[in-house]
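Everything below concerns the one structure shown next.
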Amino acid sequence: QLMKVYVTRRIPQEGLKVLTEAGVCKVSMWDSDEPVPRAELLKGVSGAHGLLCLLSDRIDTEVLDAAGPSLKVISTLSVGFDHIAINEIKKRGVRLGYTPDVLTDATAELTVALLLATARRLPEGVQEVKSGGWSTWKPLWLCGYGLSGSTVGVIGLGRIGLAIARRLKPFGVKRLLYSGRSAKPQAAEVEGEHVPLDTLVTESDFVVVSCSLTSDTQGLCDKAFFSKMKSNAVFINTSRGTVVNQEDLYEALSSGQIAAAGLDVTTPEPLPTDHPLLTLKNCVILPHIGSATYSTRGIMAALSANNLLAGVMGTAMPSELIL
Ligand code: GLV
Ligand code: GLV
């Protein structure tokens, strides 16, 4: 008897190929680039053995109830799993697959790109060229901040945080600070100094947020946090939007408390086009594209499909989050 799996969005071919060629499941997919309507999702998961979802799907008690006792596995096409009610799925004995490691390089590259674009004001420069604002070469025009000789602080030196540090170090970074619960032996490779969060925030020229979203990190970057940053400092977040209090960030950016911010994640996503942060020249916002290279998304799709298959068959998953 075929296993029933539900896929909440059109996913890269590499993932579909894994699912269809296995020949063990009947795949229903919401075949669109747009999110599945909630009612459709609740109907679609009914009686499913496996659910392949995205970080934009909220997987809560309602979805789990709609799926019913047949559900064995949730496989998310992401490394983050803050959109999933972990305690609930644990209680129900549902397994969880995710996609760590395979997106580390792509996300670290995007973080470096965003940091440089923000610090060197690339979007502003592009806009000036297009709008005719480029009148001549001006010594004081569009100046920003460089990495050479700087202090970089990474909040959360996990897989991605370390990959970011590794890439930033060769730009001539003088000190590499990191914060987090414990000192990490792998920090030696980037000569990282484990410091209290306060020290990191106070001393860094670039503050890079690369931690996962938990009850400890929700709202971590707030008024008190920004008020400790240097006025020349650049703030970068490629983790989750709710780690930041956006009203406090707006205040810090518009008052000149900090120099600039680059965000790949916001609250909500998408950010409404009339959001105050979008009126600021010193705020660069990207639409959550950290892992968006063709190759990485293909590999993520295949990995999440293999996680899903293993979950419905009751075998070892390539990447299981042990709950
Ligand atoms: C991206 O944010 C992910 O969690 O994969
Ligand atoms: C810049 O283009 C310079 O020549 O200094």
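The values are calculated or read from the model by the stated rules, or taken from the named source; none is laboratory data. No experiment lies behind these values; they were computed from the predicted model shown. Using ideal geometry, Cβ is built from the backbone for each residue, glycine included, and neighbour counts are taken over all protein chains shown.
Just checking, which of 290, 256, 314, 241 is away from ligand 1 (no atom under 14 Å from the Cβ), among the small types (Gly, Ala, Ser) and within 29 Å of residue 220 (Cα to Cα)?
After ruling out the rest, the residue left standing is 256.
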- With the condition kept exactly as written, say whether any residue in segment 59-69 is closer than 22 Å to residue 322 by Cβ and within 16 Å of ligand 1 (Cβ to nearest atom). yes
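To keep it simple, each residue is scored yes or no on (1) more than 24 Å from the chain's Cα centre (by Cα); (2) within 16 Å of ligand 1 (Cβ to nearest atom); (3) acidic (Asp, Glu).
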| residue | (1), (2), (3) |
| --- | --- |
| 21 | yes, no, yes |
| 27 | yes, no, no |
| 33 | no, no, yes |
| 37 | no, no, no |
| 45 | yes, no, no |
| 51 | no, no, no |
| 54 | no, yes, no |
| 71 | yes, no, no |
- Query: Quick one: which helices (runs of 4 or more DSSP H) sit completely within segment 21-137 and have at least 2 residues that are touching an Asp or Glu at 6+ places or on another chain (Cβ under 9 Å)?
  - Reply: 38-44, 61-67, 104-119
- Within segment 147-170, the residues that are of a type outside the set (A, V, I, L, M) and within 24 Å of the chain's Cα centre (by Cα) are 151, 153, 156, 158, 159, 161, 166, 167, 169, 170
- Only one of 176, 162 that is among the hydrophobic types (A, V, I, L, M, F, W, C) and closer than 23 Å to residue 291 by Cβ: 162
- Note on the structure: Checking 269, 320 in turn, the sole residue that is modelled with pLDDT of 95 or more and within 14 Å of ligand 1 (Cβ to nearest atom) turns out to be 269
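On the given criteria, is residue 199 hydroxyl-bearing (Ser, Thr, Tyr), touching a residue at least 12 places away in the same chain (Cβ under 8 Å) and surrounded by fewer than 19 Cβ atoms within 10 Å (Cβ to Cβ)?
Spelling it out, residue 199 is indeed hydroxyl-bearing (Ser, Thr, Tyr), touching a residue at least 12 places away in the same chain (Cβ under 8 Å) and surrounded by fewer than 19 Cβ atoms within 10 Å (Cβ to Cβ).
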- Test: residue 66 is over 27 Å from the mean Cα position of the chain (by Cα) and more than 30 Å from residue 233 (Cα to Cα): yes
